[in-house]
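Notes follow once the structure below has been shown.
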Amino acid sequence: MPLTPIQTLASIAVMAAVTFLTRALPFLLFDRGDHPPKLVLYLGRVLPPAIIAMLIVYCLKGVAFTTLGGWVPPLIAGLTAVLLHLWKGNDLLSIFGATVLYMILVQGVFA
Amino acid sequence: MKRRTLAAAFPVTVPVLMGYLAIGMAFGLMLQSIGYGVLWALLMSVVIYAGSGQYLGVSLLAVGAPLHQVAFLTLMVNFRHLVYGLSMLEKFRGMGARKLYMIFSLTDETYALLSSARAPEGVDEHDFFFLVALLDHSYWIAGSVLGAVLGAALGFDTTGVDFAMTALFLVIAVGQWKSAGGHIPALIGGAATLVSLLIAGAEDMLLPALAMIVIALTLLRPRLEGNVKREEETPCP
C-alpha cells in the first residue's frame, strides 16, 4: 500500500468522476435531439476495438524474454483465454480459467 | 417499486447475477491482496461501479499511480462507454431524476440487458429499466464485498490474480473480432501501441498510442466506413 488513506480516497474519487464522465458525456452533448457529427459516430464504432487492442499490449508490457518465466505464463494463459472464449463463448469461464492457470504457472511451475 | 416490476426484472438479470458475483469476487480478492480491506471494496463498488475500471484501479492503487495517470487510464478503459450512451439517449429520455442513476450505472452488462430486454405488458418501462440497473449494481457490490471477506479469511497467495485484467481485455477483443468491422481497427490499435512502447517506453506509451490510433482511423475513414456500411446491410446470421 504505497498510498495514504487520503491519497487512496483521492484516487478513488478521480476514478469515479472519470467513469461517470465517460458515461454522461453523450447525454451532455447530444441529448437535445441534435445528431452527433458523423465523424464522432464513426470513431465511436471503430475506436473500441483499437483501444482494447491497445490495452492488451499495455497489460503485456511487462513481459520479459530474458527468462522463461517472463513470457511463457502470459503466453499460455493468454492463448487459453482466447481459445476458451472461441470454444465456449462464456466471458467468466474464459477469464477465470485463464487467470487460475496463470496463477498456477507463476506460483508453482515458474516460481 | 411494484412487485410485478421486480418479477419482470429479476429473471432478466440472473446471468449478470452470476457474472457479477464472480468478477466482483475476483475484484475483492485482488484488492485484499494489495492490502485494502472490505470497506475499500465496498466504497469502490458503490461509487465507481465499473468492472474493468476497478480491476485497473487495483493495479493503479498497488503502484501508487499519480492522479493524472489514474484519470487518463480510467478514461481509456472506459472509453467504450461513450458509445453506449449514444444508443441509450432515446431510452432514458423522460426518466427524470432516475436518469442520473441510469447514466451512472451504465456498465457493459447493464447496457447489454437494456439494449435487448423489453418490459412485459403492464409493467412501466422506466421502472423496469431502473430496477434492472439497480439489481445489477447490488450484485456487483455483493460480489466484491464477498471477495474481500473471503480474501481476508483464506489469506491464500494471490500472486498472478492481476492477469484477470489481461484476460478480460482478451475476451472483449475476441468478441469484437467475431462481430463485423473490428479487424482493421484492432490491428491498428495493437500495432500503434507496440510502436509507442518501443519509442516512448512502458511508462508513457498510452497517450502517443492513442494519438496514432485516432489519426490512423481518421485517415482510413473513407475505406473503413465503406466496410462498416456494407456489413450493416447484410443481415446478421
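The values are calculated or read from the model by the stated rules, or taken from the named source; none is laboratory data. What you see is a predicted model; the values in this text were computed from it and never measured. Cβ atoms come from the backbone with ideal geometry, glycine included; neighbour counts cover every protein chain shown.
Assorted remarks:
- The sole residue among A:VAL106, A:VAL100, A:VAL40 that is surrounded by fewer than 21 Cβ atoms within 10 Å (Cβ to Cβ) and in contact (Cβ under 8 Å) with a residue 12 or more places away in the chain is A:VAL106.
- Residue pairs whose Cβ atoms lie under 9 Å apart, sitting 6 or more positions apart in sequence or on different chains, and linking a residue in the stretch B:23-42 that is under 18 Å from B:GLY64 (Cβ atoms) and more than 11 Å from chain A (Cβ to nearest Cβ) to a partner that is assigned to a helix (DSSP H, G or I) and among the acidic types (Asp, Glu), do not occur here.
- When the helices (runs of 4 or more DSSP H) confined to the stretch B:64-162 are screened for residues that are without any contact (Cβ under 8 Å) to a residue 12 or more places away in the chain and closer than 30 Å to B:GLY189 by Cα, those reaching at least 1 such residues are found at B:67-77, B:81-88, B:108-116.
- Neighbours by Cβ (under 6 Å, 6+ apart or cross-chain): first from the stretch A:48-70, at the interface with chain B (Cβ under 7 Å from one of its Cβ atoms) and of a type outside the set (Val, Ile, Thr); second surrounded by 18 or more Cβ atoms within 10 Å (Cβ to Cβ) and not in a helix (DSSP H, G or I): A:PRO48/B:ARG80; A:PRO49/B:GLY182
- When A:LEU84 is tested against (1) more than 13 Å from B:GLY160 (Cα to Cα); (2) at pLDDT 90 or above; (3) at the interface with chain B (Cβ under 7 Å from one of its Cβ atoms); (4) surrounded by 15 or more Cβ atoms within 10 Å (Cβ to Cβ), exactly one condition is not met: (3).
- Taking the conditions (1) within 7 Å of another protein chain (Cβ to nearest Cβ); (2) in a helix (DSSP H, G or I); (3) farther than 21 Å from B:MET205 by Cα; (4) among the hydrophobic types (A, V, I, L, M, F, W, C) in turn, A:LEU3 satisfies each one other than (2).
- Note on the stretch A:58-72: residues that are surrounded by 12 or more Cβ atoms within 10 Å (Cβ to Cβ) and either under 18 Å from the mean Cα position of the chain (by Cα) or on the phi > 0 side of the Ramachandran plot (or both) amount to 5.
- Any hit, the stretch B:42-51, residues being farther than 15 Å from B:THR107 by Cα and at pLDDT 90 or above: yes
- Selection within the stretch B:194-214 - within 9 Å of chain A (Cβ to nearest Cβ), in a helix (DSSP H, G or I) and among the hydrophobic types (A, V, I, L, M, F, W, C): B:LEU194, B:LEU197, B:LEU206, B:ALA209, B:LEU210, B:ILE213, B:VAL214
- Restricting A:LEU84, A:LEU41 to residues that are in contact with a helix residue (DSSP H, G or I) (Cβ under 8 Å, 6 or more places away or on another chain) and under 30 Å from B:GLY96 (Cβ atoms) narrows the list to A:LEU41.
- Close contacts from the stretch A:19-34, counting a first residue that is outside any helix (DSSP H, G or I) and a second that is modelled with pLDDT under 95, with Cβ to Cβ under 8 Å and a gap of 6+ residues or different chains, come to A:ASP31/B:LEU89; A:ASP31/B:ARG93.
- Residue within the stretch B:77-100 that is touching a helix residue (DSSP H, G or I) at 6+ places or on another chain (Cβ under 9 Å), loosely packed, with under 14 Cβ neighbours inside 10 Å, modelled with pLDDT of 85 or more and facing another protein chain (nearest Cβ under 8 Å) present: yes
- Against the numbered list (1) surrounded by fewer than 18 Cβ atoms within 10 Å (Cβ to Cβ); (2) more than 22 Å from A:TYR58 (Cα to Cα); (3) of a type outside the set (A, V, I, L, M), B:GLN69 comes up short only at (2).
- Within the stretch A:71-88, residues that are in contact (Cβ under 8 Å) with a residue 12 or more places away in the chain sit with their Cβ atoms under 7 Å from residues that are aromatic (Phe, Trp, Tyr) and part of a helix (DSSP H, G or I), at 6+ positions apart or across chains, in these pairs: A:PRO73/A:TYR102; A:ALA77/A:TYR102; A:ALA77/B:PHE163.
- The single residue among A:LEU55, A:LEU92 that is part of a helix (DSSP H, G or I), modelled with pLDDT under 85 and in contact with a Phe, Trp or Tyr (Cβ under 7 Å, 6 or more places away or on another chain) turns out to be A:LEU55.
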